[in-house]
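Below is one structure, written out as structure tokens; comments come after it.
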Amino acid sequence: MKVASLKGGRDGRLVVVSKDLTTAIEVPEISTTLQAALDDWDNSAPLLQAQYERLCSNPGTGKPFIPEQCESPLPRAYHWVDGSAYVNHVELVRKARGAEIPASFWTDPLVYQGGSDTFYGPHDPIQVPDESWGIDMEAEIAVITDDVPMGTSCDAAADHIKLIMLVNDVSLRNLIPPELAKGFGFYHGKPSTAFSPVAVTPDETESSGAAEADISLPLLVRLNGEDFGKARPDIDRTFGFPELITHTTKSRHLAAGTIVGSGTVSNKFKGGPGKEISAGGVGYSCIAELRCVETIEKGAPSTNFMQFGDRVEIEMLDNDGQSIFGCIDQIVEKY
């Protein structure tokens with residue numbers, strides 16, 4: 001099943017979207033918003049699934065689906081927690097500044113709670129006042145949960161994953177170091193995030209472990225029309241979504257509609273730092289990682305962060321070349 005939220009009101013208007021992303025149908029008799037559907041998921045999901053099957057078998061029952069008219073599937077959320085499931089990414093960042101990562105990073109996940117009151121739509125511009133702040137994309141996978149009790153085990157956590165999305169977790173890299181130096185975490189360095197036009201149930205991803213969002217398809221990143229990354233989310237991953245959910249429920253419950261992100265998807269190259277696609281690697285999911293590799297190999301970075309007018313696209317195609325989630329397509333503009 002595939003769902004989206006059209007622009008209109010703070011929480012959007014819920015639509016069911018056809019498998020090929022060409023048509024959509026509003027379902028006010030079931031729920032007007034995705035958050036309301038998640039609040040009553042056991043009852044609403046079968047009804048939404050029935051509408052999805054009807055739409056896929058008879059596209060004429062819907063209207064054209066236009067991604068540019070979409071908010072993120074959840075235009076705002078009660079809880080957005082982003083992890084760092086790919087410790088390779090963290091290791092590279094530390095190595096570039098001559099530091100080692102603590103051994104605990106390989107066994108104890110890193111997470112931070114991000115701002116969730118204003119998400120970008122998947123085709124909204126990335127608005128930043130000053131391009132010297134180090135504007136970067138971060139291509140990730142995210143899941144949406146139902147209500148998750150405190151103390152949920154890894155075995156039980158997978159059953160709470162209801163929907164999957166792609167993420168552009170925008171980062172302002174040059175604002176992050178002084179914030180972290182205060183010892184109190186991110187704020188200015190993590191502005192609004194964008195999610196894919198469509199959220200899908202795990203069975204739509206052709207994954208080997210659907211309940212765990214174990215996706216083996218490349219996460220495609222294009223920067224100004226050029227291929228920048230095609231890392232696979234199931235490779236070089238230290239923590240799966242069940243581990244991240246278990247970690248976040250150590251001391252709290254998660255409300256239905258909680259979004260959990262994977263962190264920047266990061267693959268190694270022959271056991272070492274990643275390589276650009278042109279050099280035979282799978283590229284990168286953020287500019288910062290490329291800059292770290294340049295620093296390690298050449299002593300200094302040579303690639304700039306994004307500037308006003310730059311365009312980033314994030315997408316995933318199935319084995320038939322069909323977009324699964326639609327494309328995050330954003331241009332950086334001065335606010």
- Ser216: open to solvent by 30 Å² or more (accessible area, probe 1.4 Å), over 22 Å from Asp11 (Cβ atoms) and touching a Pro at 6+ places or on another chain (Cβ under 9 Å), yes or no? yes
- Item | Residue list for segment 124-157, filter: surrounded by fewer than 18 Cβ atoms within 10 Å (Cβ to Cβ), more than 27 Å from Cys327 (Cα to Cα) and touching a residue at least 60 places away in the same chain (Cβ under 8 Å) | Asp147, Pro149, Met150, Gly151, Ser153, Cys154, Asp155
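Which of the residues belonging to segment 313-335 are assigned to a loop (DSSP other than H, G, I, E, B) and within 12 Å of the chain's Cα centre (by Cα)? Please lay out each step first, then the result.
Keep residues of segment 313-335 that are assigned to a loop (DSSP other than H, G, I, E, B), which gives 316, 318-322, 324-327, 335.
Those that are assigned to a loop (DSSP other than H, G, I, E, B) and within 12 Å of the chain's Cα centre (by Cα): Met316, Phe325, Cys327.
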- Here are Pro177, Pro233: which of them is over 22 Å from Val16 (Cβ atoms) and not in a loop (DSSP other than H, G, I, E, B)? Pro177
- Message: Restricting to segment 180-217, and then to whatever is among the hydroxyl-bearing types (Ser, Thr, Tyr) and in a loop (DSSP other than H, G, I, E, B), can you tell me which residue is modelled with the lowest pLDDT?
- Response: Ser208
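Does segment 236-252 contain any residue that is out of contact with any Phe, Trp or Tyr (no Cβ under 9 Å at 6 or more places or on another chain) and of a type in the set (A, V, I, L, M)?
Yes: one or more hits.
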- Message: I'm trying to understand the selection: among the residues of segment 286-312, which are open to solvent by 20 Å² or more (accessible area, probe 1.4 Å), aliphatic (A, V, I, L, M) and either assigned to a loop (DSSP other than H, G, I, E, B) or closer than 15 Å to Leu223 by Cβ (or both)?
- Response: Ala300
- Message: Out of everything in segment 23-44 that is of a type outside the set (A, V, I, L, M) and under 22 Å from the mean Cα position of the chain (by Cα), what residue ends up being nearest to His79 (Cα to Cα)?
- Response: Gln35
- Message: Pull out all pairs, ordered by first then second residue, where Cβ-Cβ is under 9 Å, the residues are six or more apart or on different chains, the first lies in segment 47-61 and is closer than 23 Å to Ala36 by Cα and open to solvent by 80 Å² or more (accessible area, probe 1.4 Å), and the second is of a type in the set (S, T, N, Q) and at pLDDT below 95.
- Response: Arg54/Thr61
- Query: If you go through segment 182-203 one residue at a time, do you hit one that is open to solvent by 30 Å² or more (accessible area, probe 1.4 Å) and among the aliphatic types (A, V, I, L, M)?
  - Reply: no
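For segment 246-285: of the residues being touching a residue at least 40 places away in the same chain (Cβ under 8 Å) and of a type in the set (Lys, Arg), which is most open to solvent (accessible area, probe 1.4 Å)?
Lys250
The values are calculated or read from the model by the stated rules, or taken from the named source; none is laboratory data. Owing to the predicted nature of the structure, the values given are computational and were not obtained by experimental measurement. Heads up, the Cβs are rebuilt from the backbone with ideal geometry, glycines too, and the neighbour counts pull from every protein chain shown. What goes into the accessible areas is simple: the full protein's heavy atoms, side chains included, and nothing from ligands, DNA or RNA. Shrake-Rupley method; radii C 1.70, N 1.55, O 1.52, S 1.80 Å.
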